[in-house]
1. Could you look through the range 47-63, keep only residues that are modelled with pLDDT of 90 or more and more than 17 Å from I104 (Cβ to Cβ), and pick out the one that is surrounded by the fewest Cβ atoms within 10 Å (Cβ to Cβ)?
2. Just a yes or no: is a residue in the range 112-128 surrounded by fewer than 14 Cβ atoms within 10 Å (Cβ to Cβ), free of Cβ contacts under 8 Å to residues at least 24 places away in the same chain, of a type in the set (S, T, Y) and assigned to a strand (DSSP E or B)?
3. Sort out which residues of the range 153-173 are in contact with a Leu (Cβ under 9 Å, 6 or more places away or on another chain) and either basic (K, R) or not in a loop (DSSP other than H, G, I, E, B) (or both), and write them in order of number.
4. Name the residues in the range 107-129 that are touching a Lys or Arg at 6+ places or on another chain (Cβ under 8 Å) and charged (D, E, K, R), would you?
5. Residue under question is T127, and the condition is that it be within 18 Å of A45 (Cα to Cα) and among the hydroxyl-bearing types (S, T, Y); does it hold?
6. In the range 137-155, how many are touching a Lys or Arg at 6+ places or on another chain (Cβ under 9 Å) and hydrophobic (A, V, I, L, M, F, W, C)?
7. Based on what the data block shows, is F143 within 13 Å of the chain's Cα centre (by Cα), among the aromatic types (F, W, Y) and buried (at least 20 other Cβ atoms within 10 Å of the Cβ)?
8. Yes or no: the range 70-93 includes at least one residue that is over 14 Å from the mean Cα position of the chain (by Cα) and not in a strand (DSSP E or B).
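The values are calculated or read from the model by the stated rules, or taken from the named source; none is laboratory data. Everything quoted here is computed from the prediction, not taken from an experiment. No Cβ is skipped: glycine too gets one built from the backbone with ideal geometry, and neighbour counts run over all protein chains shown.
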Amino acid sequence: MKKLLIVLPIVLLSLAGCEKVDLTEGSPAELTARETTADARLKEAKHTVSVQGTFATLASPLPSAPGGAVVNGTGQMSHLGKSTFEDFPILDINALSGTGTRTITAANGDQLVGTLDIVLVPLTATTFTVQVNFTITGGTGRFTGATGNIYGTDVLDFNNPAGTASFVGEITY
């Protein structure tokens with residue numbers, strides 16, 4: 001009990017020396033600085049979302065790049081809304097693989113950018129299932145600094161440049 005009587009006054013004295021700070025007080029400049037810092041911390045906080053979508057596609061060969069093409073798509077993707085994409089794949093039909101770049105533009109104009117790893121699965125002599133891994137390396141707007149992977153499938157038919165592509169994956173931003 002003696003120890004409690006000695007410790008209690010010490011605790012009370014140390015608490016009496018503490019000053020309460022009201023974070024809502026201060027000059028407008030101080031308040032704005034605190035709000036700006038809080039907003040910056042919120043923007044730095046990253047979260048991961050699942051996405052999926054379906055696109056109508058149109059492929060055009062690039063004569064200047066052997067095995068090269070431009071593939072444009074228009075469709076709907078969860079979390080991005082009505083979206084478009086543009087791919088620049090380079091395919092090696094003999095190796096049944098390819099690489100390339102992709103840009104997906106969301107309904108509000110924000111973009112996801114990254115690289116493509118492509119595997120071709122022959123269906124006929126002129127038709128292939130295309131399996132694509134899109135590795136997200138960044139973006140613009142809310143996708144600045146984004147990462148993630150989106151996997152897709154499409155059918156490549158050398159006799160018909162139109163097709164459909166389906167995507168599923170995750171984006172962290």
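1. Step one: filter the range 47-63 for residues modelled with pLDDT of 90 or more, giving 47-62.
If we keep only those that are more than 17 Å from I104 (Cβ to Cβ) too, we end up with 47, 60-62.
Working: H47: 7, S60: 11, P61: 13, L62: 13.
Per the stated criteria, the residue is H47.
2. Yes, some residue in the range 112-128 is surrounded by fewer than 14 Cβ atoms within 10 Å (Cβ to Cβ), free of Cβ contacts under 8 Å to residues at least 24 places away in the same chain, of a type in the set (S, T, Y) and assigned to a strand (DSSP E or B).
3. V155, L156, D157, A162, G163, I171
4. Hit for the range 107-129 is D110, nothing else.
5. On the way: within 18 Å of A45 (Cα to Cα): no; among the hydroxyl-bearing types (S, T, Y): yes.
No: the conditions fail for T127.
6. Qualifying residue count for the region: 2.
7. Details: within 13 Å of the chain's Cα centre (by Cα): yes; among the aromatic types (F, W, Y): yes; buried (at least 20 other Cβ atoms within 10 Å of the Cβ): yes.
In short, yes.
8. yes
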